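Worksheet: the structure to be examined is printed underneath.
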Amino acid sequence: MKFIGYDGEIELEGATVKIKKGKKDTGHTVRLSDVVSTTLLKPGLMMAGCLHIQVRGAKTYSAVANATHYATDQNAICFRKPQYDEALAFKEAIDKALAQN
């Protein structure tokens, strides 16, 4: 399963998540066993939405973080409002894979 946002793409493949941030990024792979949680920020009128994969040992964000905080994070993909349902489905797929792992 793959999700493509406006600043990159993320793919769930077996027990790994592959993330490419930007057009020139070759990407990196995260094992599901290293994923702590997933966060989905719903897009608003003036703000993009973000799908963030929290990885063990990586920077964490406060509960009031918004898309601006996640925009430069290598484990976050930002998206526009019409893509929200697709992003939600992708988050649920990752959460299901985490529960099974």
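The values are calculated or read from the model by the stated rules, or taken from the named source; none is laboratory data. Just so you know, these numbers come straight off a predicted model, no measurement behind them. Note: ideal-geometry Cβ built from the backbone for every residue, glycine included; neighbour counts use all protein chains shown.
Values computed for the structure shown
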{"quantity": "Complete set of residues in region 48-80 that are over 18 Å from HIS28 (Cβ atoms) and either modelled with pLDDT under 85 or assigned to a helix (DSSP H, G or I) (or both)", "calculated": "THR60, TYR61, SER62, ALA63, VAL64, ALA65, ASN66, ALA67, THR68, HIS69"}
{"quantity": "Some residue of region 16-23 being more than 13 Å from ASP73 (Cβ to Cβ), touching a residue at least 24 places away in the same chain (Cβ under 8 Å) and either touching a helix residue (DSSP H, G or I) at 6+ places or on another chain (Cβ under 9 Å) or not polar (S, T, N, Q) (or both)", "calculated": "yes"}
{"quantity": "Condition met for LYS42 (closer than 12 Å to ALA87 by Cβ and either among the charged types (D, E, K, R) or without any contact (Cβ under 8 Å) to a residue 60 or more places away in the chain (or both))", "calculated": "yes"}
{"quantity": "Tally, over region 1-17, of residues that are charged (D, E, K, R) and under 10 Å from the mean Cα position of the chain (by Cα)", "calculated": "2"}
{"quantity": "Count of region 20-42 residues which are under 17 Å from PHE3 (Cβ atoms) and either assigned to a loop (DSSP other than H, G, I, E, B) or over 12 Å from the mean Cα position of the chain (by Cα) (or both)", "calculated": "8"}
{"quantity": "Scope region 1-19; condition hydroxyl-bearing (Ser, Thr, Tyr) and assigned to a loop (DSSP other than H, G, I, E, B); matching residues", "calculated": "TYR6"}
{"quantity": "Yes/no for LEU45 being out of contact with any Pro (no Cβ under 8 Å at 6 or more places or on another chain), at pLDDT below 90 and either not in a loop (DSSP other than H, G, I, E, B) or not aromatic (Phe, Trp, Tyr) (or both)", "calculated": "yes"}
